[in-house]
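Okay, so here's the structure we're looking at.
The values are calculated or read from the model by the stated rules, or taken from the named source; none is laboratory data. All values reported here derive from a predicted model rather than from experimental measurement. When we count neighbours, we look across all protein chains shown, and the Cβ atoms used for this are built from the backbone with ideal geometry, even at glycine. Note: areas computed on protein heavy atoms with side chains; ligands, DNA, RNA excluded. Shrake-Rupley method; radii C 1.70, N 1.55, O 1.52, S 1.80 Å.
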Amino acid sequence: MIQQQERADKFFRAIRRDAEQRRKEIVQQIDSYITAEEEKAETEELRSAQDRVRYENERIQAQTNSRLAKAATDISAELAAKRTAITNEVFDLAASRLKEFAKTEEYADWLTKGLKEMAGLLGSDMVVFTRKEDVEIVKKAAVQVNAPCTVEVDDAILVGGVRAEKGSKKVDDTLDSRLKAQEDWFYQNSGLSIAIQ
């Protein structure tokens, strides 16, 4: 995780350096252009020169603002795409590790504990949904915790865990939903900000 953070930090420092270099080049080009236009205007009549300088300054300022806004938008879009790619990579890795956890004895214990809590909330005769791979584990767990229930396969559960329903009451304790719930936290705490200053 630390290596991924270091990689992300290095990546964003490189993007920021590139954005700063691009900004300096644009400012240099604009400064050069302004200087050339002002020298041209000084050779014309005084009144025409003043009007022309005012016009050119406004036009260049508008053009500069437009170019800077476009550059900032392009860089922000690029950073957002890279942030999304990094986030997807991190969450794919987390899902992979959770799938490995779902092959262990500790996972069966975790499912049993979760099923017991669900039975406490919903009572017996609830309908429990799980992955196809976990049906037998859930049935055994239901017997262990004395929670009569119907166990059904839910193809939407990809990583593991269970969810249950009884009437209008629903409880979701899937690893999928737990992982999904971490996305906002990850964006807020990962340091993958895309603000251009």
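Could you compute the net charge surrounding Asp173? Neighbours are other residues with a C-beta less than 15 Å from the C-beta of Asp173; K and R count +1, D and E count -1. List each step's numbers first, then the result.
Details: positive: Lys113, Lys116, Arg131, Arg163, Lys166, Lys169, Lys170, Arg178, Lys180; negative: Asp109, Glu117, Asp134, Asp154, Glu165, Asp172, Asp176.
Summing Lys and Arg as +1 and Asp and Glu as -1 gives +2.
Per-residue Karplus couplings for segment 128-143, computed as 6.51 cos²θ - 1.76 cosθ + 1.60 with θ equal to phi - 60°, are listed in order as 10, 10, 8, 6, 4, 5, 9, 4, 5, 4, 5, 4, 5, 4, 4, 5 Hz, Gly and Pro entered as x. Computed over neighbours whose Cβ is under 15 Å from that of Asn146, the net charge equals +2, Lys and Arg +1, Asp and Glu -1.
Roughly speaking, to the nearest percent, how much of segment 55-197's 1.4 Å accessible area is carbon and sulfur? In segment 55-197, the share of accessible area belonging to carbon and sulfur is 52 percent. Probing with 1.4 Å while keeping every protein chain in the model, the per residue accessible area of the chain equals 67 Å². Ordered from largest to smallest accessible area (heavy atoms of protein chains, 1.4 Å probe), the residues Arg22, Arg59 come out as Arg22, Arg59. Between Asn65 and Gln4, the C-beta separation translates, for a Förster distance of 35 Å, into a calculated FRET efficiency of about 0.40. The distance between label points at Leu158 and Ser96 comes to 1.4 nm (points 7 Å beyond Cα on the Cα→Cβ vector).
For P(r) over Cα pairs in 10 Å bins from 0, in percent, computed directly from the structure shown, the correct entry in (i) 9, 35, 32, 19, 4, 0; (ii) 8, 23, 17, 14, 12, 9, 7, 6, 3, 1; (iii) 9, 37, 40, 13, 1 is (ii).
In the chain, Cα pairs under 8 Å separated by at least six residues give a relative contact order of 18 percent. Only protein heavy atoms count here; on that basis, with a 1.4 Å probe, Asp92 has an accessible area of about 100 Å². Close amide H contacts of Val162 (hydrogens built in the peptide plane, cut-off under 5 Å, sequence separation of 5 or more or a different chain): Asp173, Thr174, Leu175.
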